[in-house]
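None of the figures in this text is laboratory data; all of them are computed from the coordinates on show. A quick note: this is a predicted structure, and the numbers were derived from the prediction, not measured. Ideal geometry is used to build each Cβ from the backbone, glycine not excepted, and the neighbour counts take in all protein chains shown.
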Amino acid sequence: MEMRDIVVQLKSLEIEMSESFLVHFILNSLPFEYEPFKISYNTHKEKCLSVNELLTMCVQEKGRLNQESIESAHLVTQEKKPNKKGLLKPKETNEK
């Protein structure tokens, strides 16, 4: 993830930041699709996660979101075929 790269760059520059700040920073930088994830995290957090734990959870959430979008696309493309029963073509008559 891009956030992991930023954290690594900050550490390589010997810039010290607390884990809780980095976790908060990462959560705030997540895209809109992650809003339910962020709400769940903020509601159920019992302890502050490490950056690695949060990144692991974000990867899992991304997988869930990808699976959800695949299933949604599958539902959209699954079209019910009309029942042809009772749909007869009108008979042609040879009346002149």
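Considering only residues that are touching an Asp or Glu at 6+ places or on another chain (Cβ under 9 Å) and closer than 29 Å to Ser69 by Cβ, which ones fall in the stretch 1-29?
Val23, Ser29
Filter the stretch 41-65 for residues that are closer than 24 Å to Met17 by Cα and of a type in the set (D, E, K, R); which is surrounded by the most Cβ atoms within 10 Å (Cβ to Cβ)?
Filtering the stretch 41-65 for residues that are closer than 24 Å to Met17 by Cα and of a type in the set (D, E, K, R), the one surrounded by the most Cβ atoms within 10 Å (Cβ to Cβ) comes out as Glu53.
Conditions first: (1) under 17 Å from Gly63 (Cα atoms); (2) out of contact with any helix residue (DSSP H, G or I) (no Cβ under 8 Å at 6 or more places or on another chain); (3) of a type in the set (Lys, Arg). Lys38 passes all but one, so which condition is the exception?
Result: Lys38 passes all but (2).
Could you list, in sequence order, the residues of the stretch 6-40 that are over 24 Å from the mean Cα position of the chain (by Cα), surrounded by 12 or more Cβ atoms within 10 Å (Cβ to Cβ) and aliphatic (A, V, I, L, M)?
Leu10, Met17
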